[in-house]
Amino acid sequence: MAGKLTAGSGILLVTANVGSLFEDLENLQKTWLREFYQTVQSHKPHFIAVHCQEVGGKNYEASMSHVDCFVKELLSSDAMKEYSRARVYLDENYKSQEHFTALGSCYFLHESLKNIHQFDFKAKKFKKVVGKEIYSDTLESTPMLEKEKFPQDYFPEVRTISHAFDLVNIHLFHDASNILAREKSPSVYSGMRQKALGFVLDRITDQRFEKVPYFVFGDFNFRLDTRQVIESLCSTATMQTVRVGDTNEVEKLIFRESENDREVVLQLEKKLFNYINQDVFRENNGTLFLQFDSELSCFKERLHELEISFPPSYPYSEDSSQGKQYMDTRCPAWCDRVLMSATAKDLVLKPENEEKYLVYDNIGPNVCMGDHKPVYLSFRLTAGAGKPNANKHKCCNVQ
């Protein structure tokens, strides 16, 4: 969308992997919505962008029917009544695996905003945004977005949306095996994500459209360098390798203290990361482990981020009574991020932007929000920011 946002307009960018919500409607979804509404009430933004991944849940064939109720609740709730215009794009067509991404992008405009327009690709002109509209089954034919999925060898999926500045919803490939992730530093999965993210950045900065500031927020699945983390946590331990008899494939790695009765410090399997003291990832918001968060380093000239001051956003327990507990499936990591181009960073960090209006944090730190904690960036535009030329800004989607 493109339009004029006056000085002082509040922006709220949220990324949320919602895969867990559709498996526990009674507890997780209600809690998630309550915490989201509280964040909106706290920051009072004029424009809200919510980028969701794993829409419909991990078992989307069975849970996709619940998505419509979730969206209708967002659109009709009292907490969102001042947002008189909305656009929701949901990729629900799971029967078309060649194109299915399970991504959802929701945009809410406060009633005080005037003259907001969105680009129509077929008509090749901007159209005024009025009312609330939901697009789902026929995204490929929707004129207000451009959809593309990664080439088959990239694995992950991404959707890009461009408005007054480009807003990119992204979901990159996860670490399929802890054992394989540990084999080398950086891991093979890190290389896959680097290739895919490079593809996205090249796509949104190519010559089809004039370059504008952009924000990329979603589930990047960035992981800590598994090998280096284990070397740090188990520096005085000895490693035992357990192999599968028939194939000799590594099935399990057990790290034991050299002393202390050979106590097990860490047990590692394909989908198990069971460390003896999980509290280390929460102490001081896990900042000790930011030194192992290095997947962004090769993009340091193209992507920027505010200082992280919240604990790793994944993998939290899906038990509704456990708000701070991590599951022992993966090493905790900051998977969910809000990143930006250098020009977007200049908008966010203008000297006159009061620090109290600039917040980079997670949502629901003390309650269960599913296996991912949503992460958000809240800021206010200052004089001279966010005044795009409607003839130059396009709305572009890449999936």
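Residue 324 - would you say it is in contact with a Pro (Cβ under 9 Å, 6 or more places away or on another chain) and either farther than 29 Å from residue 32 by Cα or open to solvent by 40 Å² or more (accessible area, probe 1.4 Å) (or both)?
For residue 324, the condition - in contact with a Pro (Cβ under 9 Å, 6 or more places away or on another chain) and either farther than 29 Å from residue 32 by Cα or open to solvent by 40 Å² or more (accessible area, probe 1.4 Å) (or both) - is met.
If residue 367 meets every condition in (1) farther than 28 Å from residue 202 by Cα; (2) at pLDDT below 65 apart from one, which number is that one?
Checking residue 367 against (1) farther than 28 Å from residue 202 by Cα; (2) at pLDDT below 65, the one that fails is (2).
Restricted to region 257-266, and to residues that are open to solvent by less than 50 Å² (accessible area, probe 1.4 Å) and of a type outside the set (Val, Ile, Thr), which residue is nearest to residue 236 (Cα to Cα)? Please lay out each step first, then the result.
The initial filter retains those residues of region 257-266 that are open to solvent by less than 50 Å² (accessible area, probe 1.4 Å), namely 257, 265-266.
Those still in the list that are of a type outside the set (Val, Ile, Thr) too: 257, 266.
Numbers: 257: 6, 266: 12 Å.
Selected residue: 257.
Given 230, 254, which one is within 24 Å of residue 184 (Cβ to Cβ) and either part of a strand (DSSP E or B) or open to solvent by 40 Å² or more (accessible area, probe 1.4 Å) (or both)?
Just a single option satisfies the conditions, and that option is 254.
Output the residue which, of all residues in region 274-314 that are open to solvent by less than 60 Å² (accessible area, probe 1.4 Å), among the aliphatic types (A, V, I, L, M) and out of contact with any strand residue (DSSP E or B) (no Cβ under 7 Å at 6 or more places or on another chain), is nearest to residue 186 (Cα to Cα).
296
Is it the case that residue 227 is of a type in the set (Lys, Arg) and at pLDDT below 90? First the steps, then the outcome.
Numbers: of a type in the set (Lys, Arg): yes; at pLDDT below 90: no.
When the stated conditions are applied, residue 227 does not pass them.
Out of 130, 168, which single residue is in a strand (DSSP E or B), out of contact with any Asp or Glu (no Cβ under 7 Å at 6 or more places or on another chain) and at pLDDT 80 or above? Break it down stepwise before answering.
Values: 130 fails: in a strand (DSSP E or B).
None of the other options fit; the residue is 168.
Could you please give the count of residues in region 332-371 that are within 22 Å of residue 38 (Cα to Cα) and part of a strand (DSSP E or B)?
Taking region 332-371 as the starting set, the residues that turn out to be within 22 Å of residue 38 (Cα to Cα) are 336-338, 354-371.
Applying the additional criterion that residues be part of a strand (DSSP E or B) yields 336-338, 359-362.
Of the residues in region 332-371, 7 are within 22 Å of residue 38 (Cα to Cα) and part of a strand (DSSP E or B).
Name the residue that is farthest from residue 25 (Cα to Cα), counting only residues in region 70-94 that are assigned to a helix (DSSP H, G or I) and without any contact (Cβ under 8 Å) to a residue 24 or more places away in the chain.
78
Just checking, does region 98-111 include any residue being part of a loop (DSSP other than H, G, I, E, B) and surrounded by fewer than 15 Cβ atoms within 10 Å (Cβ to Cβ)?
Step one: filter region 98-111 for residues part of a loop (DSSP other than H, G, I, E, B), giving 98-103, 110-111.
Narrowing further to those that are surrounded by fewer than 15 Cβ atoms within 10 Å (Cβ to Cβ): 98, 111.
Checked against the condition, which is being part of a loop (DSSP other than H, G, I, E, B) and surrounded by fewer than 15 Cβ atoms within 10 Å (Cβ to Cβ), region 98-111 yields at least one hit.
Which residue, of 255, 289, is under 24 Å from residue 219 (Cα atoms), modelled with pLDDT of 95 or more and of a type in the set (A, V, I, L, M, F, W, C)? Quick ask: steps written out before the conclusion?
Numbers: 255 fails: under 24 Å from residue 219 (Cα atoms).
After applying the criteria, what remains is 289.
Considering only residues of region 19-47 that are at pLDDT below 95 and hydrophobic (A, V, I, L, M, F, W, C), which is surrounded by the fewest Cβ atoms within 10 Å (Cβ to Cβ)?
For region 19-47, the residue satisfying everything is 25.
Of all residues in region 257-279, how many are in a helix (DSSP H, G or I) and either touching a helix residue (DSSP H, G or I) at 6+ places or on another chain (Cβ under 7 Å) or among the polar types (S, T, N, Q) (or both)?
Taking region 257-279 as the starting set, the residues that turn out to be in a helix (DSSP H, G or I) are 260-262, 278-279.
Next, from what is left, pick out any that are either touching a helix residue (DSSP H, G or I) at 6+ places or on another chain (Cβ under 7 Å) or among the polar types (S, T, N, Q) (or both): 260, 278.
Total satisfying the criteria: 2.
State which residue is modelled with the highest pLDDT when the search covers only region 202-224 and only residues that are assigned to a helix (DSSP H, G or I) and surrounded by fewer than 19 Cβ atoms within 10 Å (Cβ to Cβ).
Looking at the filtered set, the residue picked out is 202.
When you look at residue 287, is it β-branched (Val, Ile, Thr) and part of a loop (DSSP other than H, G, I, E, B), yes or no? If you could, list the steps in order and put the result at the bottom.
Values: β-branched (Val, Ile, Thr): yes; part of a loop (DSSP other than H, G, I, E, B): no.
Here the answer is no, as residue 287 does not meet what is asked.
Go through (1) outside any strand (DSSP E or B); (2) at pLDDT 85 or above; (3) in contact with a Leu (Cβ under 7 Å, 6 or more places away or on another chain) and name the single condition residue 145 misses.
So residue 145 meets the others, but not (2).
In region 53-66, how many residues are free of Cβ contacts under 8 Å to residues at least 60 places away in the same chain and surrounded by 13 or more Cβ atoms within 10 Å (Cβ to Cβ)?
First pass over region 53-66, keeping only residues free of Cβ contacts under 8 Å to residues at least 60 places away in the same chain: 55-66.
Going one step further and asking which of them are surrounded by 13 or more Cβ atoms within 10 Å (Cβ to Cβ), we end up with 55-58, 60, 63-64, 66.
So the count comes out to 8.
Can you say whether residue 329 is part of a loop (DSSP other than H, G, I, E, B) and open to solvent by less than 70 Å² (accessible area, probe 1.4 Å), as far as the supplied structure shows?
Answer is yes for this residue.
The values are calculated or read from the model by the stated rules, or taken from the named source; none is laboratory data. These numbers were taken from a predicted model, which means no experiment stands behind them. Here Cβ is always computed from backbone atoms with ideal geometry, including for glycine, and neighbour counts include all displayed protein chains. Heavy atoms of the whole protein, side chains included, go into the accessibility calculation; ligands, DNA and RNA do not. Shrake-Rupley method; radii C 1.70, N 1.55, O 1.52, S 1.80 Å.
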